[in-house]
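Taking it in order: structure first as structure tokens, then the write-up.
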Amino acid sequence: MRNTLLTIFSFVSACLLTGCTDRYQSITQKVSDDLITTAEFTMPSVTLPTFPSRTLSIIDCGADPTGQTLSTVAIQTAIDSLAQQGGGTVLFPKGVFYTGPISLRSHIRLYTEENCVVLFSPDYQLYPQFETAFEGVNTHRCQSPISAFQAEDIAITGHGVFNGNGDYWRPLKRSKVTDSQWKKQLEKGGVLTEDGKTWYPDEGALFGATLCQDQNVPVVDSDSVWAYIHTFLRPVMVHLVGCKNILLEGVTFENSPAWNLHPLMCENVTLNRLTVRNPWYSQNGDGVDVESCKNVLINECSFDVGDDAICMKSGKNEDGRRRAMPTKNVFVNNCTVYHGHGGFVVGSEMSGDVRNIQVQNCTFLGTDVGLRFKSTRGRGGVVENIYIRDIYMWAIPNEALLFDLFYGGKGAGEETEEEIMARMNAAAPEVDETTPAFRHIFIHDVIAKDAASAMLFNGLPEMPLEDVNLSNITMSCTRGAIIRQTNGLRISNVQLTATQGEAWTIAPSVTNITKD
């Protein structure tokens with residue numbers, strides 16, 4: 001049934017793009033609805049945007065298709081002009097368009113023809129600061145190359161490529177690139193850390209890094225300091241806040257200054273047949289971070305990125321709990337992930353809850369971790385009703401399946417054993433609103449070949465993982481499964497082959513285990 005739906009989905013999309021009344025239209029609402037009927041929970045309809053029939057080319061507003069001059073004003077003029085008329089399609093024809101940041105408006109669709117490249121300028125001063133959320137915390141960031149706020153019925157579709165010129169923004173570790181890549185980076189200018197091991201775009205960015213007490217959010221107490229660390233506040237590529245009825249389809253998003261796609265507090269989000277790319281070494285180069293959103297469909301997308309690929313979030317710590325907006329009703333189907341810190345990921349910023357998520361028919365090829373669930377003390381929040389099936393993995397250099405409630409902010413394999421054990425050996429606090437909980441998780445029909453580790457479950461002593469169900473799973477790996485701090489584990493037809501050590505290591509902290 002699922003394969004039939006996928007065939008119908010692809011066929012109808014192709015027909016619509018080539019022969020419908022609206023030549024820019026994409027998937028039909030019926031196909032979207034048919035696909036999500038396979039969800040294990042009651043999945044609401046994901047409403048697609050609709051647009052008036054009027055069209056305006058950015059060329060007619062003065063855009064330069066040779067990329068020799070900035071087309072920011074022309075592109076924004078086209079968007080604003082159509083928005084004032086009630087909306088329509090802004091056409092990006094073939095060419096190279098060089099631009100600063102652009103803002104979407106309600107009822108506006110950007111449609112890119114084949115051989116269209118939209119290249120965002122690396123001039124930092126074109127991207128003013130504003131207040132928003134990043135990594136789940138309220139903070140300042142620079143304006144994104146593409147953004148929308150409180151907009152309804154918006155889309156970016158077609159065949160084009162959007163390049164964020166992120167190499168000019170991101171810090172770069174010498175150890176992650178070749179000699180020629182490092183030389184090329186130094187030619188951009190910038191400064192190095194005292195040990196010469198990390199490049200930053202300028203002194204302000206380097207200073208901004210020293211102000212961070214928790215990952216990449218600086219603690220700043222004056223406007224002058226915010227201004228000084230401007231380049232440290234690198235933007236996500238596409239930042240959509242409080243929007244409804246969103247469609248991103250067919251295009252490529254690449255080389256972002258930070259995360260690629262960030263829908264925040266949005267409703268009815270459809271990502272279909274996208275290519276999302278960042279260099280594997282890109283700091284915070286996530287694919288898509290769905291944060292505090294509801295009713296989301298991610299279908300037939302390809303990710304090759306520098307951090308987590310498909311990630312569910314809902315705010316961090318007190319800011320996330322205060323927002324109290326869960327990510328819920330998300331359907332991920334038929335996606336491929338190449339490099340990334342995790343193929344499908346929940347957390348670590350999940351303080352506003354994550355629930356009702358289905359992931360199916362996905363392939364992870366060389367991803368650092370396959371299925372990755374992460375949080376830590378202080379987050380709070382509940383992750384529940386997660387359904388994962390038909391997942392295929394190969395050459396996973398760490399765990400194929402990881403539950404880590406002692407997450408320390410780094411990628412898998414980047415921490416020392418001493419750093420990890422220091423957190424795990426800390427005294428367990430009392431359970432309160434800051435205690436994260438993961439429960440009611442169902443994973444079945446999974447094949448993983450050549451993983452370094454099959455599974456690692458690290459629940460909290462004061463809040464073990466609860467009701468985890470594994471069935472019809474085959475994994476060949478170097479090391480087997482290590483299961484700790486779990487209450488209620490059902491294992492049915494799970495075959496693990498480990499070349500080193502035992503296939504299963506189940507700690508005394510695991511209770512209520514059933515194995516068929």
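The values are calculated or read from the model by the stated rules, or taken from the named source; none is laboratory data. Note that the structure is a prediction, hence the values are computed from the model and not measured. Cβ coordinates were reconstructed from backbone atoms using ideal geometry, including for glycine residues, and neighbour counts include every protein chain displayed. When the accessible area is computed, the model is the full protein with side chains, heavy atoms only, and any ligands, DNA or RNA have been set aside. Shrake-Rupley method; radii C 1.70, N 1.55, O 1.52, S 1.80 Å.
Counting other Cβ atoms within 10 Å, which GluC sites (Glu not before Pro) in the stretch 440-516 have at most 16 and lie in a DSSP loop?
E462
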For the stretch 298-326 and the stretch 466-516, what is the separation of their Cα centres, given in Å? 27
Please give me, ordered by residue number, the GluC sites (Glu not before Pro) of the stretch 158-203 that lie in loop per DSSP and have at most 16 other Cβ atoms within 10 Å. E187, E194
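Shape call for the stretch 360-516 from the C-alpha gyration tensor, a ≥ b ≥ c root eigenvalues: rounded (a/c under 1.5), prolate (a/b greater than b/c) or oblate?
Prolate shape, in that a/c is at least 1.5 and a/b is the bigger ratio.
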Calc'd 3J(HN,Hα), the stretch 137-154, phi into Karplus 6.51 cos²θ - 1.76 cosθ + 1.60 (θ = phi - 60°), Hz, glycine/Pro = x, comes to 10, 5, 7, 9, 9, 7, 4, 6, x, 10, 8, 8, 10, 6, 9, 10, 6, 9
Would you mind getting me the FRET efficiency between A324 and E131? Use the beta-carbon distance for r and R0 = 22 Å, nearest 0.05. 0.70
Average projected area of the Cα convex hull of the chain, in nm²? 23.9
MRE, 222 nm, helices only [DSSP H, n ≥ 4, -39500 (n - 2.57), over the chain, to nearest 500]: -4000 deg cm²/dmol
Prolate/oblate/rounded call for the stretch 75-146, Cα gyration tensor, a/c under 1.5 rounded: oblate
Could you give the nm distance between label points at L365 and V219, where each point is 7 Å from its Cα heading toward the beta carbon? 4.5
Over the chain, what percent of the accessible surface lies on carbon and sulfur atoms, probe 1.4 Å? 50
Starting from the Cα of E414, step 7 Å along the direction of its Cβ; do the same at S175; then give the gap between the two resulting points in nm. 1.1
Positive end of the charge dipole of the stretch 396-481 (Lys, Arg +1 and Asp, Glu -1 on Cβ, about the Cα centre): tell me which of M475, S453, L401 has its Cα farthest that way. M475
Skipping prolines and chain starts, which residues have an amide H placed within reach, meaning under 5 Å, of the one on F438, given they are 5 or more residues away or on another chain? V383, E466
When ligands, DNA and RNA are left out and all protein chains stay put, how many square angstrom of accessible area per residue does the chain have with a 1.4 Å probe? 38
Among the lysines, select those whose C-alpha is under 29 Å from the C-alpha of K183, and discard any that sit fewer than 8 residues away in the same chain. K173, K197, K410
Answer rounded, prolate or oblate for the stretch 200-326, using the Cα gyration tensor with square roots of eigenvalues a ≥ b ≥ c: rounded when a/c is under 1.5, else prolate when a/b is larger than b/c, else oblate. oblate
Once you charge only the Cβ atoms, +1 for Lys and Arg and -1 for Asp and Glu, what is the size of the charge dipole of the stretch 423-516 about its Cα centre, to the nearest 20 debye? 360
Could you pull out every one of the lysines with an alpha carbon less than 23 Å from that of K328, ignoring same-chain neighbours closer than 8 positions? K30, K244, K294, K313, K316, K374
In nm, the gap between the two label points placed 7 Å beyond Cα toward Cβ at A426 and F41 is 2.9
Search the structure for amide H atoms under 5 Å from the amide H of C212, placed 1.01 Å from N in the peptide plane, and list their residues when 5 or more places away or on another chain. V219
Which of S175, S144 is most accessible, then next, and so on - probe 1.4 Å: S175, S144
³J(HN,Hα) computed for each position of the stretch 331-338 - Karplus, 6.51 cos²θ - 1.76 cosθ + 1.60, integer Hz, glycine/proline x: 10, 10, 9, 6, 10, 10, 10, 9
Going residue by residue through the stretch 368-379, the Karplus relation 6.51 cos²θ - 1.76 cosθ + 1.60 with θ = phi - 60° gives ³J(HN,Hα) values, rounded to whole Hz and with x marking Gly or Pro, of 3, 10, x, 9, 10, 10, 9, 6, 7, 4, x, 6
Among DSSP beta bridges lying fully in the stretch 375-470, give the percent that are antiparallel, nearest 5. 5
Please list the non-local residues whose amide H lies under 5 Å from the amide H of V251, H modeled 1.01 Å from N, same-chain partners needing a gap of 5 or more. G158, T275
What FRET efficiency would be calculated for the residue pair S509, S476, taking the C-beta separation as r and a Förster radius of 30 Å, to the nearest 0.05? 0.65
Debye calculation, C-alpha points only, no solvent: report log10 I(q)/I(0) for the stretch 24-164 at q = 0.12, 0.14, 0.17 Å⁻¹, in the same order as the q values. -0.57, -0.74, -0.99
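Using only the Cα atoms of the stretch 121-264, construct the convex hull and provide its projected area averaged over every direction, in square nanometres to one decimal.
9.6
Taking the Cβ of S302 as the centre, find all other residues whose Cβ is under 10 Å away and add up their charges (Lys, Arg: +1; Asp, Glu: -1).
0
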